[in-house]
């Protein structure tokens, strides 16, 4: 698990190019699952944002971007070393923090 505040995948973010390349290099050589967790953009997102030099998705990297201050909810992660994917994510919505929706 790698935790950071900044969203390295928001475009344009050329100042994270070296960091993403190093993370890709280390992840390709790592036999397990890699879990970067970030805030910054402040909406829940679970994806596979990292690619190799040929633009192939690096499948052992799954990113979780957490809820932000205007969405006070949380994310839990189950870890099962027997599961090849290792991580299972659950969004936990706090009913008191849900907005009142208005139809367009």
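The values are calculated or read from the model by the stated rules, or taken from the named source; none is laboratory data. Predicted, not measured: the structure shown is a model, and the values here were computed from it. For neighbour counting, all protein chains shown are included, and Cβ atoms are generated from backbone atoms with ideal geometry for every residue, glycine included.
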- [ ] Scan the range 59-69 and give yes if some residue there is modelled with pLDDT under 95 and over 12 Å from the mean Cα position of the chain (by Cα), otherwise no.
- [x] yes
TODO: Kindly list, by first and then second residue, each pair from a residue in the range 91-103 that is closer than 23 Å to residue 37 by Cβ to a residue that is in a loop (DSSP other than H, G, I, E, B) and at pLDDT 90 or above, limited to pairs with Cβ atoms under 7 Å and residues at least 6 apart or on different chains.
DONE: 91/44; 91/73; 92/73; 93/73; 94/73; 97/73
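In the range 70-104, which residue that is in a loop (DSSP other than H, G, I, E, B) and closer than 30 Å to residue 25 by Cα is farthest from the chain's Cα centre (by Cα)?
Residues of the range 70-104 that are in a loop (DSSP other than H, G, I, E, B), as a first pass: 70-73, 80-86, 93-94, 98-104.
So of that shortlist, the ones also closer than 30 Å to residue 25 by Cα come out as 80-86.
Values: 80: 18, 81: 19, 82: 22, 83: 19, 84: 18, 85: 14, 86: 15 Å.
Restricting to residues being in a loop (DSSP other than H, G, I, E, B) and closer than 30 Å to residue 25 by Cα, the top hit is 82.
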Task: Those residues of the range 36-64 which are assigned to a strand (DSSP E or B), under 15 Å from residue 20 (Cβ atoms) and touching a residue at least 40 places away in the same chain (Cβ under 8 Å), in sequence order - done: 63
TODO: Considering only residues that are closer than 26 Å to residue 69 by Cβ and more than 17 Å from the chain's Cα centre (by Cα), look in the range 1-42 and name the one that is surrounded by the fewest Cβ atoms within 10 Å (Cβ to Cβ).
DONE: 12
